[in-house]
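To start, the structure itself, in structure tokens.
The values are calculated or read from the model by the stated rules, or taken from the named source; none is laboratory data. Just so we're clear, the structure is a prediction, and the values are computed from it rather than from any experiment. For neighbour counting, all protein chains shown are included, and Cβ atoms are generated from backbone atoms with ideal geometry for every residue, glycine included.
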Amino acid sequence: MSASAHGSETPKDKVGRLARLRREGGALHDYRAPHWDEPLIMEMGTPGERGVLVPLAEPDVTAAIGAAADYIPEGMARAAAPDLPEISQHQALRHYLRLSQMTLGMDLGSDISEGTCTMKYSPKLHEELIRGHKAADLHPLQDESTMQGLLEIVYACGEYLKTISGMDAITLQPGGGSHAVYTNACVMREYFAARGELPQRNEMITTIFSHPCDAATPMVAGFKVITVMPDENGYPDLEAVKAAVSEKTAGCMITNPEDTGIYNPRIDEYVKVIHDAGGLCFTDQANANGILGVARARDAGFDACHFNLHKTFSSPHGCEGPATGAYLVSDTLAPYLPVPLVTKVGENYHLDYDRPQSIGRVRGFLGNWMGVIRAYAWIRNLGADGLREVAEISVLNNNYLDNLLMAIRGVSRPYAEGHRRLDQVRYSLETLKQETGVGTEDVRGRMIDFGIQSFWMSHHPWVVPEPFTPEPCETYSKADLDEWAAVIKKVSDEAYADAASVKSAPHSSSIARMKRLEALEQPDQWAFTWRAYQRKIKEKR
Amino acid sequence: MAERPFIHPYIPNSVPATKQAMLDELGLKSVEEIYAEIPERLRFKGRLEIPAPILAERDLERHMVGLLGKNTSCEEFLNFCGAGCWQHYVPAIVDEVINRAEFVSAYCGGEYSDLGKYQARFEFNSQLGELLDLDAVANPIYDWGDVAGRSFRMASRITGRKRVLYPRTMSPMRLAEAKTLCQPEVMPTHVRLEAVDYDPATGCMDLVDLDRKLGDDVAAVYLENPGYLGFIEAGAAEIVRRAHARGALAIVGVDPIALGVLVPPGSIGADIACGDIQALGMHMHAGGGCSGFIAFRDDDPVYAQECPLELYTLLETEAGEYAVAEAIAERTSYGARDQGKDWVGTASGLWTIAAAVYMTVMGPQGFKELGETCIARAHFAAKRLAELDGVRIRLSPAFFKEFVVDFAGTGTPVAEINTKLLEKGVFGGKDLSAEFPELGQSALYCVTEYHSQADIDYLAFALKEVLA
């Protein structure tokens, strides 16, 4: 059909037409992933080739100093040169560009798939800002007077995050969300140590639908972890929480909404149960997108919370970091935050190290403040109303997608029937699996043939059978949502018609199906480096 | 005047007609009906205290450039401060690759859709393994102090012992991170960290004190090479030997950029190596360029099994291509929650790709030449500074790129010198007077291949003026 055939249609008609097309599977991308069959960099190049030349000591320097080797104590010099690639610059560039092409980053595709990750658009202006020398080429120990711009950004961003959470104090030192959650475990530990309640209060309560770090990091901090399972409606079982608390309870570390996307309407009752037992309450707000300006952790009684600046606040994910965790607390816990904190005195900004009750450090220097620069710019660009719009559209998008997905054969949504989800949903493909043999991992493999990133299934353990968890945040258009649902429908249809073709997917990926999977578990088969591979695998062939 | 609808370029469905169409499809009047899931008493009724939005991109850019413009960068001033975050040259090709949108915006996509990311990771691990002379390298995480603490915990789990020895010259900042990880004494799972004294003449570990503290209850002896204070640990091999003799593991902390010229941890028998990859192609980013690695022996699977970080193995496909996938994932916190080995999370993926590119273009010859230039220029700088009245160089004459300059003889405190150097456009060395009072009014200076002879001459000139 030519474009002119639609010349008279209204914008609303056009939206409807495109959506219908996509839902019928007419506009799915027939994607072909780049297939370079690229060797490993260690197999490339020729002895003697150079990728970059480095400065050599000037003649005067050499004349004054002599040979560098003379300054290396006996036995401390490297004997054999490392077996690194020797390759010219263009050939090296080409190799890594090919690898980038074989990576389906969010900028190219649709990361609605990666639920619990809030894959939102990271504005390109931010990247330009953090790459400039005024941000990239700062030393963390520079005199404060030469970093006033950076400190002002960090301070102001901290103030915004305080109003968004209702908390009283903040650190932006953690290098990721889990790191912020770990910081919480250490801060709570210090609080009880100061009160002389350690090691008696050595139990931390979490829920199975909270992120694994809510269980793992208190363990690292020395706590015994109690995990509460959901009740029949998918909420953490309040009776189980009541049964778990005692004079040993240090606190709880939980998410709301949890990975299921269900908001726990009695969350303040859980907080009260913990508080009445003398414990502290932390809420993991890695996924805060649906509640920005709508509900605040402090208002539900929490003593602490965190945000991931690389999720809710637009910092890109960079192949899993570097990231920034914002950790916020009430006045009660503020003395224990790691050093240094950014303070403002008059018109000047300072790094405050003089905090005698601090837990010390969780991270060297200052933190990953590239993420703070981006979050600051993002918040300033949107303002209070814009943040609220982000939340509303995220929630609307999620419910719109839910409506499409629930109409697809084989898809179900466990728990809390009749309740709407906020920012994401944990679905189940158990029916599809039972009826066709095609499970969630098979569907995941097939999706990428349509240029859509494989979906996130679930953290372990799989409480929901054959799970998948999309999160269609505010970044995605209605057409994007229609397309995503159409892909799931298409794969479901295929599963019922020809299960084998789904199970053998992907069909147009950068590589064929992997084999020798025993290497994932067996010491004589795994190879974490090229040298290990050559020793264990290649030489034995 | 009617208010214009809020249509934002990052929010396509903020177009009122689209929003309405979606609500219509759901049979809803407004999004409020969805938010009815949150009880009234938990709803935020106030207004967020955030300034009015700066909507136009140009206006936002002006605002941000104005703020960042208040900073003075190490491109504008000459910087001689390192102390764990070092100014090395970043080849343009490194930035070109890590600024690719595919890498910047990728997250945890799978082995098939994100093959390139996985392969780059494996190539990073492989190249770093070559520099370290170790067969197993894990996916890096936050920074050196963090991986030092994790290595201590790993050694404690492997040996079942609860005490770790570290050099008193260790960076106090790194030590603080490690101490947080090893828990306060009151916790039953605490790992005790104990300092080994150093030879005041050289900074190297005092082997007599090591023997005194080394018992059968020691999980690991940790050493740094080059040490935080810049010196090359001449006794490294001997320390490893003595640790092994008592059944303890040897952990070597290392700045890998030195390994074109210095002996790698694997060659002196280290069981575990850790350190920071920041020097390998990362801009400093006010410390945000840091990223810590852990590497270890692969002749005994217990190291991999007790490693807290993600491990990636090379595989093949049915078509004979390479593939890369995560191995023994069940031991991580993602696989086992509180039963796992410490925790993992989003860490520093993009930096590992930067380091992969950096190691590739440097190659063996690049690392050798860079190491030699660092040593030559650092020693040249030390020589020039030692010519100034009252200034002397402390500790071992064998150092790599950092060295301790004692200004006690000048009668001027380091803090004052550094403030005055700012007026000359110079960031001076890190003030050590609080961390190591026994070294007097000392500062840790850092000179790398980034600094030319002229830069060093200028530093000497500026210091002479400041001390006059």
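Take A:Pro73 and decide whether it is more than 8 Å from every other protein chain (Cβ to nearest Cβ) and either under 30 Å from B:Ala236 (Cβ atoms) or not basic (Lys, Arg) (or both).
no
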Here the qualifying pairs (Cβ atoms under 9 Å; residues six or more apart or on different chains; first in segment B:96-112 and within 18 Å of B:Glu326 (Cβ to Cβ) and more than 7 Å from chain A (Cβ to nearest Cβ); second of a type outside the set (Lys, Arg) and assigned to a loop (DSSP other than H, G, I, E, B)) come out as none
I need a count of the residues in segment A:112-126 that are at the interface with another protein chain (Cβ under 7 Å from one of its Cβ atoms) and not in a loop (DSSP other than H, G, I, E, B). 1
Among the residues of segment B:50-71, count how many are in a helix (DSSP H, G or I), at the interface with chain A (Cβ under 7 Å from one of its Cβ atoms) and of a type in the set (Gly, Ala, Ser). 0
Taking the options B:Cys85, B:Cys74, name whichever one is over 30 Å from A:His95 (Cα atoms), at pLDDT 95 or above and within 7 Å of another protein chain (Cβ to nearest Cβ). B:Cys74
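Okay, residues lined up against (1) closer than 25 Å to A:Asn398 by Cβ; (2) modelled with pLDDT of 90 or more:
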site: A:Met229; (1), (2): yes, yes
site: A:Glu232; (1), (2): yes, no
site: A:Val241; (1), (2): no, yes
site: A:Ala244; (1), (2): no, yes
site: A:Gly251; (1), (2): no, yes
site: A:Ile254; (1), (2): yes, yes
site: A:Gly261; (1), (2): yes, yes
site: A:Pro265; (1), (2): yes, yes
Top-ranked residue of segment B:54-74 - restricted to ones that are basic (Lys, Arg) and surrounded by fewer than 15 Cβ atoms within 10 Å (Cβ to Cβ), ranked as farthest from the chain's Cα centre (by Cα): B:Arg58
Options A:Val154, A:Val187, A:Val181; residue that is in contact (Cβ under 8 Å) with a residue 24 or more places away in the chain and touching a His at 6+ places or on another chain (Cβ under 7 Å): A:Val181
Can you tell which of A:Pro218, A:Pro230, A:Pro199 is closer than 28 Å to A:Arg413 by Cβ, of a type outside the set (A, V, I, L, M) and assigned by TED's automatic domain parsing to the domain that holds A:Ala304? A:Pro230
Report yes if some residue within segment A:344-365 is touching an Asp or Glu at 6+ places or on another chain (Cβ under 9 Å), more than 14 Å from chain B (Cβ to nearest Cβ) and hydroxyl-bearing (Ser, Thr, Tyr); otherwise report no. no
If we keep only residues of segment B:75-119 that are aromatic (Phe, Trp, Tyr) and over 22 Å from the mean Cα position of the chain (by Cα), then the residue surrounded by the most Cβ atoms within 10 Å (Cβ to Cβ) is B:Tyr112
Among the residues of segment A:157-180, write down those that are part of a helix (DSSP H, G or I), in contact with a strand residue (DSSP E or B) (Cβ under 9 Å, 6 or more places away or on another chain) and at the interface with another protein chain (Cβ under 8 Å from one of its Cβ atoms). A:Glu159, A:Ile164, A:Gly177, A:Ser178, A:His179
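Condition check ((1) farther than 21 Å from B:Ser156 by Cα; (2) among the β-branched types (Val, Ile, Thr)) across all residues:
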| residue | (1), (2) |
| --- | --- |
| B:Val208 | yes, yes |
| B:Asp211 | no, no |
| B:Asp217 | no, no |
| B:Pro226 | yes, no |
| B:Glu238 | yes, no |
| B:Ala243 | no, no |
For segment A:39-64, give me each residue that is part of a loop (DSSP other than H, G, I, E, B) and at the interface with chain B (Cβ under 7 Å from one of its Cβ atoms). A:Leu40, A:Arg50, A:Gly51, A:Val52, A:Val54, A:Pro55, A:Leu56, A:Ala57, A:Glu58
Just one of the numbered conditions (1) more than 7 Å from every other protein chain (Cβ to nearest Cβ); (2) among the basic types (Lys, Arg); (3) over 28 Å from A:Lys478 (Cα atoms) is not true of B:Arg47; which one? (1)
Count of residues meeting criterion [within 9 Å of chain A (Cβ to nearest Cβ), closer than 16 Å to B:Asn125 by Cα and not charged (D, E, K, R)] in segment B:298-307: 1
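Going by the conditions given, is A:His139 of a type outside the set (A, V, I, L, M, F, W, C) and buried (at least 24 other Cβ atoms within 10 Å of the Cβ)?
Criteria met by A:His139.
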Condition check for B:Ser126: assigned to a loop (DSSP other than H, G, I, E, B) and either buried (at least 24 other Cβ atoms within 10 Å of the Cβ) or not assigned by TED's automatic domain parsing to the domain that holds B:Ala270 (or both): no
Which count do you get for residues in segment B:268-278 that are surrounded by 24 or more Cβ atoms within 10 Å (Cβ to Cβ) and in a loop (DSSP other than H, G, I, E, B)? 4
So, B:Ala178, is that one over 27 Å from B:Thr360 (Cα atoms), buried (at least 24 other Cβ atoms within 10 Å of the Cβ) and at pLDDT 95 or above or not? yes
Criterion: surrounded by fewer than 24 Cβ atoms within 10 Å (Cβ to Cβ), under 19 Å from the mean Cα position of the chain (by Cα) and not hydroxyl-bearing (Ser, Thr, Tyr) - qualifying residue of B:Pro140, B:Pro188, B:Pro172: B:Pro172
Of all residues in segment A:203-224 being of a type in the set (S, T, N, Q) and closer than 11 Å to A:Thr255 by Cα, the one that is farthest from the other protein chains (Cβ to nearest Cβ): A:Thr207
Collect the residues in segment B:432-468 that are free of Cβ contacts under 8 Å to residues at least 24 places away in the same chain, surrounded by fewer than 17 Cβ atoms within 10 Å (Cβ to Cβ) and farther than 19 Å from B:Arg377 by Cβ, keeping them in residue-number order. B:Ala434, B:Pro437, B:Ala468
Top-ranked residue in segment B:218-267 [being of a type in the set (Gly, Ala, Ser) and under 17 Å from the mean Cα position of the chain (by Cα); ranked as surrounded by the most Cβ atoms within 10 Å (Cβ to Cβ)]: B:Gly253
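Rundown of residues vs (1) part of a loop (DSSP other than H, G, I, E, B); (2) away from every other protein chain (no Cβ under 12 Å), yes/no style:
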site	(1), (2)
B:Gly371	no, no
B:His379	no, no
B:Leu385	no, yes
B:Pro397	yes, no
B:Gly409	no, yes
B:Asn418	no, no
B:Ser433	yes, yes
B:Leu444	no, no
B:Ile456	no, no
Of the residues in segment B:345-366, those that are buried (at least 22 other Cβ atoms within 10 Å of the Cβ) and at the interface with another protein chain (Cβ under 7 Å from one of its Cβ atoms) number 15
Looking at (1) in contact with a strand residue (DSSP E or B) (Cβ under 6 Å, 6 or more places away or on another chain); (2) part of a helix (DSSP H, G or I), find the lone condition where A:Arg444 falls short. (1)
